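*Asks:* Here's a structure for you.
The values are calculated or read from the model by the stated rules, or taken from the named source; none is laboratory data. Owing to the predicted nature of the structure, the values given are computational and were not obtained by experimental measurement. Note: ideal-geometry Cβ built from the backbone for every residue, glycine included; neighbour counts use all protein chains shown.
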Amino acid sequence: MKSLLLVVAMAAQMDAATMKAGFARVNITPKSPIYLSGYAARTKPSEGVLQPIWAKALAIQDTKGAKTVIVTTDLIGLSRMVTDMVAARVAKEFSIDRSRLVFNASHTHSGPMVGGNLQALFDLKPEDEKVIDAYTKVLTENLYQAVSAALSDLAPAVLSVGHGSADFGFNRRMNKGSATHIDNPKGPMDKDVPVIRVTTPDGKLRGVLFGYACHNTTLGGDLYQVNGDYAGFAQSEFESAHPGATAMFMILCGADQNPNPRGKVEQAMQYGKQLADAVSKVIDGKMDSIAGPVQAAYNVTQLTFKAHDRELYEKDLKDKLRAKVRRAELMLKLYDERRPIRSTPYPVQALRFGKVLTMVTLGGEVVVDYDLRIKKEFPGEHIIVAGYSNDVMCYIPSVRVLKEGGYEAVDSMIYYGQPGPFDENVEETVMNGVYGVMKRVGRKPAKQ
Ligand SMILES: [Zn+2]
């Protein structure tokens, strides 16, 4: 009996040891001035660089040889225009299915505009648009290179998962129905800092992937220097504390969460340090090892907008908010072409590592309600619910937030060039997407 147990234990150990992992990074700092995204108040392109920004990739080869790659970026958001192109090339060159590729953007508001994201944010001059198009083209190549380099770096590895916490993020929806953000300490939040640690078989740290559910908006629109905000500082802080290791940040469902207080570079650095310290504490403590196959499922569903007609946008043409006029022009053009936007494609993905960890990735700016709901409905294994993944087409409110109204439900749609708020099926449709991919990786919701 004793020897059998020993054999089982050894087999489990060997199983874990046969996993492989690889890291890579590509500098994606714009080489010349470019409009920074996120704040409509900005009036000119960037002026210099406070901190370089990166695309980083973690490639994982499971015990059956299947390869999965997670890409994180210090960017406002990646559109499907970009991720589809990279995914198609990765599929062709490496035979990696779309379900095994994740793209997450940290949502830094001090990073460049990216093609296909936040289309109606600015009145851009043609020369500014040209710069953004050129940057996006190079970015697409860089993302592919990051994936390719991470796959070349695959080497035996031990993966583990654990959790810490950070407390600088606050629910920002105090005033229902208004576009202004005031912190609401009583609103739903999630302070969880999930960490995946990757070491060599003999225990040397190779890197970490960690997350947090909070807008990457410590810095305001008055700063014109490129940087990764708190998430950028968290990664650089961790990497200087652990020379040779790669730190990757993945933003979770922080669409209705802001750092508090905010506005100063020192605060962004301080939050970065808090997060890096939380990650360091997790990797020095007890973690659960991730072994076995990685199962993956990916699905693109459709989220439907509330019904609209062209009269609405004809009225908006006279609005004093410039972004509203730009959105109206875009919508009227689509009406003229007889193809008004009625819905948006919406990617939902699940990656399950053995029977230890499930990572759910959702497109768009996802409010924390989804994260809390998914965690509650799928107990029993470690879970990471990321937003801002694979495509950032707009905010994704829950029914609660949609009914309350305000920025995340209504006003933000203007800047994204979307027709207006979602209809009330939004939460159910997203959740049905989640149930679908979860089922395909062998997970059922607990009975409520
Ligand atoms: Zn946002």
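*Asks:* So, restricting to strands (runs of 3 or more DSSP E) that lie completely within the range 165-263, which ones have at least 3 residues that are within 16 Å of the ligand (Cβ to nearest atom)?
*Replies:* Qualifying strands (runs of 3 or more DSSP E): 169-171, 246-251, 257-259.
*Asks:* Looking at the range 154-203, which of its residues are hydroxyl-bearing (Ser, Thr, Tyr), at pLDDT 90 or above and farther than 24 Å from residue 273 by Cα?
*Replies:* Listed by number, the list holds a single entry, 200.
*Asks:* Among the residues of the range 413-430 satisfying the criterion of being assigned to a helix (DSSP H, G or I) and within 14 Å of residue 302 (Cβ to Cβ), which is farthest from the ligand (Cβ to nearest atom)?
*Replies:* Here the residue is 428.
*Asks:* Also, quick follow-up: Can you tell me how many residues in the range 37-58 are under 15 Å from residue 249 (Cα atoms) and either more than 23 Å from the chain's Cα centre (by Cα) or crowded, with 17+ Cβ neighbours inside 10 Å (or both)?
*Replies:* Here the count works out to 6.
*Asks:* Here's another thing I want to ask about it. Mind listing whichever residues of the range 98-116 are away from the ligand (no atom under 16 Å from the Cβ) and under 11 Å from the mean Cα position of the chain (by Cα)?
*Replies:* 102, 103
*Asks:* Please tell me if residue 241 is modelled with pLDDT of 95 or more and either of a type in the set (Lys, Arg) or buried (at least 24 other Cβ atoms within 10 Å of the Cβ) (or both).
*Replies:* Taking the combined requirement at face value, the residue does not satisfy it.
*Asks:* Let me ask something else. Would you confirm, using the coordinates I've provided, whether residue 392 is more than 16 Å from the ligand (Cβ to nearest atom) and surrounded by 18 or more Cβ atoms within 10 Å (Cβ to Cβ)?
*Replies:* No; evaluated as a whole, the condition is false for this residue.
*Asks:* If I go through the range 120-137 residue by residue, how many of them are surrounded by 14 or more Cβ atoms within 10 Å (Cβ to Cβ) and under 17 Å from residue 86 (Cα atoms)?
*Replies:* Total meeting the criteria: 3.
*Asks:* Is one or more of the residues making up the range 342-351 over 22 Å from residue 80 (Cα atoms) and touching a residue at least 12 places away in the same chain (Cβ under 8 Å)?
*Replies:* For the range 342-351, residues over 22 Å from residue 80 (Cα atoms) and touching a residue at least 12 places away in the same chain (Cβ under 8 Å): absent.
*Asks:* Mind counting the residues in the range 425-438 that are touching a residue at least 40 places away in the same chain (Cβ under 8 Å) and surrounded by fewer than 17 Cβ atoms within 10 Å (Cβ to Cβ)?
*Replies:* Qualifying residue count for the region: 3.
*Asks:* Any residue at all in the range 268-280 that's in contact with a strand residue (DSSP E or B) (Cβ under 7 Å, 6 or more places away or on another chain), more than 16 Å from residue 208 (Cβ to Cβ) and of a type outside the set (Asp, Glu)?
*Replies:* Within the range 268-280, one or more residues are in contact with a strand residue (DSSP E or B) (Cβ under 7 Å, 6 or more places away or on another chain), more than 16 Å from residue 208 (Cβ to Cβ) and of a type outside the set (Asp, Glu).
*Asks:* Continuing with the same structure: If you go through the range 177-198 one residue at a time, do you hit one that is polar (S, T, N, Q), in contact with a strand residue (DSSP E or B) (Cβ under 8 Å, 6 or more places away or on another chain) and free of Cβ contacts under 8 Å to residues at least 40 places away in the same chain?
*Replies:* The answer is yes, given that some residue of the range 177-198 is polar (S, T, N, Q), in contact with a strand residue (DSSP E or B) (Cβ under 8 Å, 6 or more places away or on another chain) and free of Cβ contacts under 8 Å to residues at least 40 places away in the same chain.
*Asks:* For residue 75, all conditions in the list (1) over 18 Å from the mean Cα position of the chain (by Cα); (2) closer than 22 Å to residue 130 by Cα hold save one; what is the number of the exception?
*Replies:* Tallying (1) over 18 Å from the mean Cα position of the chain (by Cα); (2) closer than 22 Å to residue 130 by Cα, residue 75 fails exactly one: (1).
*Asks:* Being modelled with pLDDT of 95 or more, farther than 30 Å from residue 322 by Cα and touching a Leu at 6+ places or on another chain (Cβ under 8 Å) narrows it down to one residue among 396, 414, 374, 383; which is it?
*Replies:* None of the other options fit; the residue is 383.
*Asks:* Look through the range 401-412, keep the residues that are under 22 Å from the mean Cα position of the chain (by Cα) and surrounded by fewer than 21 Cβ atoms within 10 Å (Cβ to Cβ), and return whichever of them is farthest from the ligand (Cβ to nearest atom).
*Replies:* Going through the qualifying residues, I end up with 410.
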